[in-house]
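Worksheet for the structure shown next.
Bear in mind these aren't lab numbers, they're just calculated from the coordinates by the rules spelled out. Just so we're clear, the structure is a prediction, and the values are computed from it rather than from any experiment. No Cβ is skipped: glycine too gets one built from the backbone with ideal geometry, and neighbour counts run over all protein chains shown.
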């Protein structure tokens, strides 16, 4: 696939490296062309840098890997408001939370819904927002991380976008778990706030979640 990556930070690099190793073509677009050029060079010959607008043109999927505070600016630069992302799966790993606390910022709607509103016609999928970038640095074939493959909860309204996102999750060693339509994004974002809050408070978030055997439902 051809994947546009909006952003030049640690998550953009980690996922970009995994996708490059899986054989995908990458186009990097950031607010800083210098940083985009540097990231493309680090990712190798399957990656190149471009303006944000050119980075999303003709792509099979787009990763929106910027801080929440930079979402509107990068989408504007990519021409999202003019329909440049219409029909394109847009993967949203953003967390609109107060740093160090994990409390969601006072937004009426989920961050994913705000992104969808800024990119008319785009097929937004919430994904990759619960794990640190380091989780995706190595694929299992490269030695990977110890322990079971991480389950990546995702939600979205378009079947093709969910399928494409699921494939890209598998390419970096994750297991996709589709939880439903994009209306569940707010729930997933609240979980991220819960996890971030525990981590900053010095607790292991995994220890706060009861082990429930697969297929078991308790009332």
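Points to keep in mind about this one:
- Between 0 and 90 degrees, the angle of helix 10-21 with respect to the longest Cα principal axis of the chain falls at about 70 degrees.
- Acute angle (nearest 10 degrees) that the helix 159-171 long axis makes with the longest principal axis of the chain, alpha-carbon atoms: 80 degrees
- Percent of Cα pairs exceeding the 17 Å cut-off, where the set is the stretch 1-94: 38 percent
- Cα gyration tensor category, rounded, prolate or oblate, for the stretch 2-206 with a/c compared to 1.5: rounded
- Each label was represented as a point 7 Å from its Cα along the Cα-to-Cβ direction; for residue 212 and residue 200 these points are 2.7 nm apart.
- Of the peptides 111-119, 174-182, the ranking by mean beta-carbon count within 10 Å, highest at the top, reads 111-119, 174-182.
- Helix 33-43 axis, angle to the chain major axis (alpha carbon atoms, nearest 10°): 70 degrees
- Inter-part distance where the stretch 169-197 and the stretch 110-134 are each reduced to a Cα centre, Å: 10 Å
- The chain - share of DSSP beta bridges that are antiparallel (%, nearest 5): 10 percent
- Residues of the stretch 55-86 falling in the label zone of residue 37, defined by backbone nitrogen less than 13 Å from a point 7 Å along Cα to beta-carbon, are absent.
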